[in-house]
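Below is one structure, written out as structure tokens, with a few remarks after it.
The values are calculated or read from the model by the stated rules, or taken from the named source; none is laboratory data. Worth saying up front: this structure is predicted, and the values here are computed from it rather than measured. No Cβ is skipped: glycine too gets one built from the backbone with ideal geometry, and neighbour counts run over all protein chains shown.
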Amino acid sequence: RAKAAGRGVVEVFDDELRAELNARAELETALRHGLEAGELVLYYQPVLDLGTGRTRSVEALVRWVRPGHGLVPPDAFIPVAEASSLVCDLGRWALAEATAQLVRWDAEGGHRGGLAVAVNISGRHLAQAHLLEDVTDALAASGIDPSRLTVEITETVLVDEPLALEHLRSLRELGVRVAIDDFGTGYTSIGQLSRLPVDVLKIDRSFVSSPEAGHADLVRLLISAAHSFSLGVVAEGVEEDGQLSALLAASCDAAQGYLFARPVPAADLPPAELPGAAVLVSETRT
Ligand code: C2E
Ligand code: MG
Ligand code: MG
Ligand code: MG
């Protein structure tokens with residue numbers, strides 16, 4: 001409390017802050033309850049292999065089917081979850097659910113068998129000692145090969161959390177893959193890429209979909225740098241043919257975006273041979 005400020009100013013500030021804190025606390029309580037009550041669902045978005053135009057993996061993206069609120073997007077509740085250990089509970093659930101879904105798709109014996117899945121893990125969770133246990137539990141319960149699981153983390157995590165790097169190394173020793181999400185929006189330099197324990201770089205949508213000429217150059221640069229460090233590259237947020245052709249010209253490995261498919265519930269995941277996608281890729285390539 002700022003003692004120097006006039007009493008009235010302090011009171012207004014207190015009221016606003018109190019309202020804000022109350023709203024966050026209510027949201028956190030509702031989310032904690034929602035997680036236990038099974039209100040969270042994973043949507044899946046195909047990630048296309050640009051060599052073949054086929055879906056080889058999907059990204060799991062959480063949604064909250066909150067009673068009275070409809071389908072709540074992650075940006076509306078992940079930040080609140082990240083303020084407490086709730087985000088770790090959410091991550092543990094997502095790991096278990098996504099790996100179990102792969103097994104259900106395998107059991108269908110159809111075109112969704114053999115997919116890989118990427119799960120977003122918060123920096124707070126990555127820094128916890130039990131992260132490794134959460135991953136090994138999910139692998140053991142599902143029985144999937146560890147190489148079919150990718151953990152997506154954002155680059156800020158690597159700067160903030162000393163334990164994070166150690167855990168990434170352990171995950172890779174298990175055979176789990178690690179991707180840096182939203183690359184380009186944080187502080188990691190290209191030079192650091194060679195030293196990070198990661199397998200895949202995901203280029204942020206803001207660069208992929210930017211009409212600025214300089215950003216197209218940056219995307220090309222990121223792809224060639226990643227390749228020189230033997231990292232795979234996924235471009236996120238591909239919405240237009242022109243963006244796809246630029247990515248193909250730059251030898252990008254994989255892409256996801258509304259041009260191909262939106263995130264959908266597990267039951268609605270389109271076939272690995274997305275209608276039109278292979279044609280789109282091969283035609284855009286020439
Ligand atoms: P992200 O991991 O970078 O996920 C990609 C986001 O871009 C998703 O938003 C996806 O729906 C959206 N997207 C994909 N293709 C396109 C496109 O072509 N155009 C546009 N405009 N958007 C596209 P979503 O599902 O709302 O997720 C937002 C963020 O929430 C994610 O960003 C991720 O950081 C976080 N998140 C999602 N699920 C989880 C989770 O299970 N755990 C944690 N900790 N975070 C999650
Ligand atoms: Mg992601
Ligand atoms: Mg991303
Ligand atoms: Mg993002």
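Among the residues of segment 131-151, write down those that are over 15 Å from the mean Cα position of the chain (by Cα) and either modelled with pLDDT under 95 or of a type in the set (Val, Ile, Thr) (or both).
Val135, Thr136, Ile144
Does segment 208-218 include one or more residues that are over 19 Å from the mean Cα position of the chain (by Cα) and touching a residue at least 24 places away in the same chain (Cβ under 8 Å)?
Yes - at least one qualifying residue is present in segment 208-218.
Report yes if some residue within segment 42-53 is closer than 30 Å to Cys252 by Cα and of a type in the set (S, T, N, Q); otherwise report no.
If we filter segment 42-53 for residues that are closer than 30 Å to Cys252 by Cα, which is where we start, we get 42-53.
When the remaining residues are screened for being of a type in the set (S, T, N, Q), the result is 45, 52.
Yes, segment 42-53 contains a residue that is closer than 30 Å to Cys252 by Cα and of a type in the set (S, T, N, Q).
Just wondering, is there one or more residues in segment 219-240 that are touching a residue at least 40 places away in the same chain (Cβ under 8 Å), within 16 Å of ligand 2 (Cβ to nearest atom), touching a helix residue (DSSP H, G or I) at 6+ places or on another chain (Cβ under 8 Å) and closer than 17 Å to Arg54 by Cβ?
No.
Among (1) buried (at least 17 other Cβ atoms within 10 Å of the Cβ); (2) within 16 Å of ligand 2 (Cβ to nearest atom); (3) of a type in the set (Asp, Glu), where does Asp75 come up short?
Tallying (1) buried (at least 17 other Cβ atoms within 10 Å of the Cβ); (2) within 16 Å of ligand 2 (Cβ to nearest atom); (3) of a type in the set (Asp, Glu), Asp75 fails exactly one: (1).
For Gly53, state whether it is out of contact with any strand residue (DSSP E or B) (no Cβ under 8 Å at 6 or more places or on another chain) and over 30 Å from Leu126 (Cα atoms).
On the way: out of contact with any strand residue (DSSP E or B) (no Cβ under 8 Å at 6 or more places or on another chain): yes; over 30 Å from Leu126 (Cα atoms): yes.
Yes; evaluated as a whole, the condition is true for this residue.
Would a scan of segment 195-213 turn up a residue that is modelled with pLDDT under 85, within 22 Å of Gln45 (Cβ to Cβ) and surrounded by 13 or more Cβ atoms within 10 Å (Cβ to Cβ)?
yes
If you take the residues of segment 171-211 that are closer than 21 Å to Tyr258 by Cα and basic (Lys, Arg), which of them is farthest from ligand 2 (Cβ to nearest atom)?
By that ranking, first place goes to Arg205.
Can Arg148 be described as surrounded by 14 or more Cβ atoms within 10 Å (Cβ to Cβ), away from ligand 1 (no atom under 16 Å from the Cβ) and not acidic (Asp, Glu)? So that I can check it myself, show each step before the final result.
Working: surrounded by 14 or more Cβ atoms within 10 Å (Cβ to Cβ): yes; away from ligand 1 (no atom under 16 Å from the Cβ): yes; not acidic (Asp, Glu): yes.
Considered against the rule, which asks whether it is surrounded by 14 or more Cβ atoms within 10 Å (Cβ to Cβ), away from ligand 1 (no atom under 16 Å from the Cβ) and not acidic (Asp, Glu), Arg148 comes out as yes.
Which of the residues belonging to segment 145-170 are within 16 Å of ligand 2 (Cβ to nearest atom) and touching a strand residue (DSSP E or B) at 6+ places or on another chain (Cβ under 7 Å)?
Result: Leu149, Thr150, Val151, Glu152, Ile153, Thr154, Glu155, Leu168.
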